[in-house]
Amino acid sequence: MTDFPAIIAGGGDLAAFLKANKSAVDAALDDAGALLFRGFDVPNAHAFDAAVEGYGEPGFTYEDSLSNAVRTNVTPRVFTANEAPPSTEIFLHHEMAQTPLYPSKLFFYCEIAAEKGGATPLCRSDWVLERLAKDAPDFVARVEAEGVRYTNVMPGSDDAGSGQGRSWRSTLSVVDKGAAEARLKGLGYSWEWQDDESLRATTPALPAIRNLGDGRKAFFNQLIAAFRGWADSRNDPNRAITFGNGTPILAEDMAPAIAIADELTADLAWQAGDVALVDNFLVMHGRRPFEGRRRVLASLVA
Ligand code: FE2
């Protein structure tokens, strides 16, 4: 079995390394799904930005995305991974798979490693799907045929205390309700305004399984994170996910996927200066709770 994540140990300038070795890096990424560049000289966010630039693929901006996390841009293409409090676990997910717009790859950079905890769990979704198809074939067949829908309640203004606290104004890049409705309509969402200015929005049926085009298929969705983690003052995880036809996906439906994913998860324990590159179609990621200061930055590839 391939080492996961695969470690590429080196030294010197990571931007130059990525530029000179792009095709070898991509081949390694395709094989492993996640790469950890360790030992290179990446002292700060600007060096990380340069490394992403050296890799040379177009970026996917947070402003344009429908991500529900609150983040802050550090450079135009680099932002904080998620502003959710340290004690909040962010469960496994494919970045933005709960929306119709998602990045193909993710870069992460550890500027400051937490004193305790704070690893990034990584899990191969093709391996999860392979096992799940044996353990829960009816569930797999159903989500493959129908897709899944996600419901999220977005506040009127950003709530950094929640892992999904991004306001509807920011999420949809709009200033008023009329523009929000026009954007949602264009995306095929349904919606309902709440009394407190928050907005309950439900996606159209989105694919839950992705064909990777090389014979592999992945459990490409946000089901685990939505079911385990979309809890805050506005959101009830039991109402977050349904099959494509609108029937709720229940705890017993999710139990096998959660158990298999937990079993197959490898924790990336950060050291300052580490950079990871993750294939967003193949590998899920999350964030373990932590203590002390931790600064992990992210950059997305279109
Ligand atoms: Fe994420």
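The values are calculated or read from the model by the stated rules, or taken from the named source; none is laboratory data. A quick note: this is a predicted structure, and the numbers were derived from the prediction, not measured. All Cβ positions, even for glycine, are placed from backbone atoms using ideal geometry, and neighbour counts span all protein chains on display. Remember, those area values only see protein heavy atoms, side chains included, never the ligands or the DNA or RNA. Shrake-Rupley method; radii C 1.70, N 1.55, O 1.52, S 1.80 Å.
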Inset, instruction - Return yes or no: is Arg228 out of contact with any Cys (no Cβ under 8 Å at 6 or more places or on another chain) and either assigned by TED's automatic domain parsing to the domain that holds Ala84 or at pLDDT 95 or above (or both)? - result: no
Legend entry - Complete set of residues in the range 213-243 that are of a type in the set (A, V, I, L, M) and without any contact (Cβ under 8 Å) to a residue 40 or more places away in the chain: Ala231
Inset, instruction - Would you tally the residues in the range 85-105 being small (Gly, Ala, Ser) and either within 12 Å of the ligand (Cβ to nearest atom) or under 11 Å from His285 (Cα atoms) (or both)? - result: 1
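Given the residues Asp64, Asp49, which is the only one that is exposed (fewer than 14 other Cβ atoms within 10 Å of the Cβ), on the phi < 0 side of the Ramachandran plot and in contact with a Ser or Thr (Cβ under 9 Å, 6 or more places away or on another chain)? So that I can check it myself, show each step before the final result.
On the way: Asp49 fails: exposed (fewer than 14 other Cβ atoms within 10 Å of the Cβ).
Exactly one residue qualifies, and that residue is Asp64.
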Inset, instruction - Go through (1) touching a Leu at 6+ places or on another chain (Cβ under 9 Å); (2) within 16 Å of the ligand (Cβ to nearest atom) and name the single condition Arg149 misses. - result: (2)
Legend entry - Test: Gly244 is on the phi > 0 side of the Ramachandran plot, surrounded by fewer than 19 Cβ atoms within 10 Å (Cβ to Cβ) and outside the structural domain of Glu83 (by TED's automatic domain parsing): no
Inset, instruction - Quick one: count up the residues across the range 202-212 that are open to solvent by less than 10 Å² (accessible area, probe 1.4 Å) and without any contact (Cβ under 8 Å) to a residue 60 or more places away in the chain. - result: 0
Inset, instruction - Please enumerate the residues belonging to the range 5-14 that are open to solvent by less than 50 Å² (accessible area, probe 1.4 Å), under 24 Å from the mean Cα position of the chain (by Cα) and without any contact (Cβ under 8 Å) to a residue 60 or more places away in the chain. - result: Ala6, Ile8
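Conditions (1) within 12 Å of the ligand (Cβ to nearest atom); (2) surrounded by fewer than 23 Cβ atoms within 10 Å (Cβ to Cβ), marked per residue:
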{"site": "Ala259", "(1), (2)": "no, yes"}
{"site": "Glu263", "(1), (2)": "no, yes"}
{"site": "Ala269", "(1), (2)": "no, yes"}
{"site": "Gly273", "(1), (2)": "no, yes"}
{"site": "Leu277", "(1), (2)": "no, no"}
{"site": "Met284", "(1), (2)": "yes, no"}
{"site": "Arg288", "(1), (2)": "no, yes"}
{"site": "Arg295", "(1), (2)": "no, yes"}
{"site": "Ala298", "(1), (2)": "yes, no"}
